[in-house]
Structure formats: C-alpha cells, structure tokens
Amino acid sequence: MKILNTLTRKKEEFTPLHEGRLSMYVCGPTVYNLIHIGNARPMIVFDTFRRYMEYRGYDVNYVSNFTDVDDKIIKRANEEGVDASVISERYIEECKRDMAALNVKPATTHPKATEEIGGMIDMITTLIEKGYAYDAGDGTVYYRTKSFRDYGKLSHKNLEDLEAGHRDIAITGGEGKEDYMDFVLWKPKKEGEIYWDSPWGQGSPGWHIECSVMAKKYLGDEIDIHAGGEDLIFPHHENEIAQSEAANGVPFARYWMHNGFLNIDNQKMSKSAGNFFTVRDICKKYDPMVLRFFMLQAHYRGPLNFSDTLMESAKKSLERIRTCRETLSYNIANSKGGKITEVEKNKYSETEKFVRDFEDAMDDDCNTADAVTAVFELVRFINANSSADSSKEYLQKLEEKLLTLTDVLGLVLDSKAEDADPGETKKIEELLAERTAAKKAKDFARADEIRDELKSMGVTIEDTREGVKWKKA
Ligand code: AMP
Ligand code: ZN
C-alpha cells in the first residue's frame, strides 16, 4: 500500500505502527446543520480506504469526531431559543442518517467535543507546564506558536514566510497575546454561551485542541493515519501537530491524507451563490449510491466537480453494474443447477486479473477511479461469459466476486429492492402476473393498460427471453 503523505509530499509505502493494525483519525463535521455534499466527500473516500484496509486484513480503529461546541451551533441555538445541545444532538442524528444512506460505516468511536473537556484541560495544562502555552491573564490560553520548532512542516510553510506575509496584521485578542501567530487553546466565556470550569476561569476550548485530545485518548500518542479535507491542512492540522507533539513528546501521525475539494459547476459551493446542496437535497433526486459512486469515480486528492450532467452519467454507470448483478441473480434463480465445469473453471480463473487490477489501483494511494474501472472490466467479463445455461456454482462464484469488490467500494447493488415497500412489490408482481395472463388470452388492451399503470408507479418493464423483468426508478 502506497500513500501520498502530505507531510513528506511523497508516495510512501505504508508500514503500520503495529503489525496488522491501523489507527486512523478523520476530522468530522461541525454539527449545526445538515451535512453538505462537500462534507460527504471525506466520509465516503476515507470509509472506502478503511473498507479496503479491512479487506486486506487490517484491524482498523477508526475515530471520527463531531464538533459539537462552536459559534455556529450557539448562533443557531439562540435563533431557535434552545440549548446548544438540542441543536448538536439533532444534527448528529441527522448526520448519522445521511452516513447510513451513503453506506458509510459508523466509526469505531465517534467522540463529541463536549464530552472530552477534561482531557482538553489536561493537555492545555501540560502545554503550559512545558512552556508551549501561556495564560494571557484574561482567561485566554494561547499556544506559543514560535516555541514549536517544526511549525509549518505539514503545510510546508516556514515561520519566516508566515511572518513576512502577516507583518501588518495587528495582534487581536487583547494585551496578553504575545505574538500574532499564537492561537487559542482556551477562551473565556461570553454572555449566553456554554462554558466549563477550568484553572483559567470559566470558558470553552479552542477548536484545534479537541482533535489532539480525542486522537490521544482513543488511538494513542502516535497514530498511523490522520485524514480530512485539504482546507484543514493549515491551520487546523498544523496546530494539531504543534499541540500533540509538544504535549506528548513523540511524532503524532505518520501519514496524512487529504481529500480535494468538491465544487459545483466549477464554482466554490456557497449558500450566497445559491449552489449549496445538502446530502439530503441530492438524495431526494438520486439514489444515495449514485452520490457515493460519483465520488469514487475520481481520485480522492484531486478537485471534484459536481453537476447534474456528471451525476446523470454516474447514475447510468452504476446502473450497468446493477443490471449485471440483477441478470446474475436471475440466471442463478433460473439455472438448471449443477457444479462448475472444467471450461467454466478456466473461465473463472480469468477473473483473477480484475481482482489484481482492483487491488493494484487501491494499493496506489487509494485510486478508487482505477478500482472502479477494474469493476467495469469484471462486469463486461460476466456479461460476456455467463447466461442461464451456465452452472449454478459458476454463476454464484461470479456473483461473489462482483459483490466482494463492490462491497469494498461500499456500493450496495440492491438497495432499491431493500428500500421498496414490500406491499408495493407484491402489487407490482400481481399486476405483472395479470398482464402475462392478459397477453396469453390475447387481451392486449388490458396488457397495455397494466403497463401504463405500472409506469405511473415509476415501474418500467422489459420483456426478455428469460421472462418479464421490472425496475423501479
Ligand atoms: P467542517 O464541518 O467544515 O469542519 O467540515 C467537515 C469535513 O468536510 C472536513 O474534513 C472538511 O475538510 C470537509 N469539507 C468541507 N467542505 C468540503 C468540500 N467542499 N469538499 C470537500 N471536503 C469538504
Ligand atoms: Zn480535526
């Protein structure tokens, strides 16, 4: 497995800290609203990476936080006249619903900032004791950025550059702040805001400290991989490194993975530009698997453009994989049974090539775009080399192979069947049986009437050699 490590800017061979185990931390969303499709990108790509590492046999400890203390949450709570926790709990639940729809596995642990305040106070205390942080005297604790020699190593900036670029920036945050580069670890409470008691008075933590503390608590001082969107490289992840390494005295994360940004019609997504979409909005229009598939067609590091045209094309491509799987299921159900023949055994061994291509792609810095191509090669092979005349065992083996690979990508192929209301499925099947009977009795008017009725239910039917197939849009 090779990973393009943001820290070294090199593709490096992945060696875990502990054999067979992988510890991974992914920065999660701030929960003040429904998640948008940009937030879904790190969730989907790093979930796919995790699934692949599990497929490879790793025992993965995957931690992803919910930032549930933030000005935006407080603002929303004040607007609605409720407690901040009402807002954050609501949107944590909504986020989990979206994740489930996108088939993103729940993390091993989903810590919440508000439940880790004690650990944050401990780490800030350690940083003060070691001289990396100071109490400004007004209830604010700052990190003394210039005291951390390696500051800038992740974003590849050096202190001098940062300083030169910011010389004219006035120090904000009161008299006690020693240097404009210093960032907040703890801030005093403001009227009407949530606060906790601390050695520096009542207040709340800065944003960066939560991830350092949660990573330490759930994964240890040193972790294998830290990931998130590229906007987090500076200052968030840079500050996490400064905090963790200064407090723990060991290197923090060995590999840093960052996903590129998702844009809409080549524009930055923003509410004011009117091109802001939540996952919920998009899932009203498309099956959530189309969104997942769309994200996986690109390499996670590059920018990704979202548009209706591209989603329509993703929908068609996913449909090809689904149709292959449906045909396989149909053929299995209608096969005359039997053991795999020698000829089929030889054919089947040809599928190993697609598995190798898939693994090679995923081993190359999680190249899901090429992995998807390998799945299409397998689909093409299955379509060309199987039918209802094949043995059941051969068909089942092909099906298992297809499902293994699509499962690593987290693509659910028969979600529609699961989603369908069972009462509705029964009705569709009754109508189809009636249509077949009508056709047999040469009552074509009734048969057409039924086809139209099914159409109005969003069901399209296809008369094939093997019988009638139906699909719900
Ligand atoms: P936030 O709630 O803004 O802290 O974001 C949560 C996660 O979503 C972070 O890993 C961000 O980097 C990521 N993210 C936010 N916006 C986008 C976007 N437009 N494209 C890709 N990732 C994003
Ligand atoms: Zn973070």
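Only one of the numbered conditions (1) more than 16 Å from ligand 2 (Cβ to nearest atom); (2) of a type in the set (Val, Ile, Thr); (3) modelled with pLDDT under 95; (4) open to solvent by less than 30 Å² (accessible area, probe 1.4 Å) is violated by Val104, and that is (3). For region 410-426, the criterion of a residue being outside any helix (DSSP H, G or I) and in contact with an Asp or Glu (Cβ under 7 Å, 6 or more places away or on another chain) is satisfied by at least one position. Here is the figure for region 356-370: residues that are open to solvent by 20 Å² or more (accessible area, probe 1.4 Å) and in a helix (DSSP H, G or I) total 7.
Hey, among the residues in region 328-344 that are in contact (Cβ under 8 Å) with a residue 40 or more places away in the chain and open to solvent by 40 Å² or more (accessible area, probe 1.4 Å), which one's nearest to Phe277 (Cα to Cα)? Going through the qualifying residues, I end up with Ser329.
Screening Arg51, Arg56 for residues that are closer than 26 Å to Arg301 by Cα and surrounded by fewer than 17 Cβ atoms within 10 Å (Cβ to Cβ) leaves exactly one candidate, Arg56. In the set Val82, Val31, Val63, which member is within 16 Å of ligand 2 (Cβ to nearest atom) and over 20 Å from Met257 (Cα atoms)? Answer to the check: Val31.
Among the residues of region 13-46, those identified as away from ligand 1 (no atom under 13 Å from the Cβ) and either closer than 17 Å to Ala215 by Cβ or assigned to a helix (DSSP H, G or I) (or both) are Pro16, Leu17, His18, Arg21, Leu22, Ser23, Met24.
The condition of being polar (S, T, N, Q), part of a helix (DSSP H, G or I) and within 16 Å of ligand 1 (Cβ to nearest atom) holds for only one of Ser212, Ser244, that being Ser212.
Considering only region 275-298, how many residues are open to solvent by less than 60 Å² (accessible area, probe 1.4 Å), part of a loop (DSSP other than H, G, I, E, B) and away from ligand 1 (no atom under 13 Å from the Cβ)?
Here the count works out to 2.
Taking every residue in region 9-21 that is closer than 17 Å to Gly57 by Cβ and pairing it with any residue that is open to solvent by less than 50 Å² (accessible area, probe 1.4 Å) and of a type in the set (Val, Ile, Thr), at least 6 positions away or on another chain, the pairs with Cβ-Cβ distances below 8 Å are Phe14/Ile3; Leu17/Ile223; Arg21/Val60.
Can you tell me which residue in region 247-273 is farthest from ligand 1 (Cβ to nearest atom), limited to those that are over 30 Å from Gly119 (Cβ atoms) and open to solvent by 60 Å² or more (accessible area, probe 1.4 Å)? Here the residue is Ser272.
The values are calculated or read from the model by the stated rules, or taken from the named source; none is laboratory data. Computed from a predicted structure; not experimentally measured. Cβ coordinates were reconstructed from backbone atoms using ideal geometry, including for glycine residues, and neighbour counts include every protein chain displayed. For the accessible areas, the whole protein counts, side chains as well, though only heavy atoms, and no ligand, DNA or RNA atoms are used. Shrake-Rupley method; radii C 1.70, N 1.55, O 1.52, S 1.80 Å.
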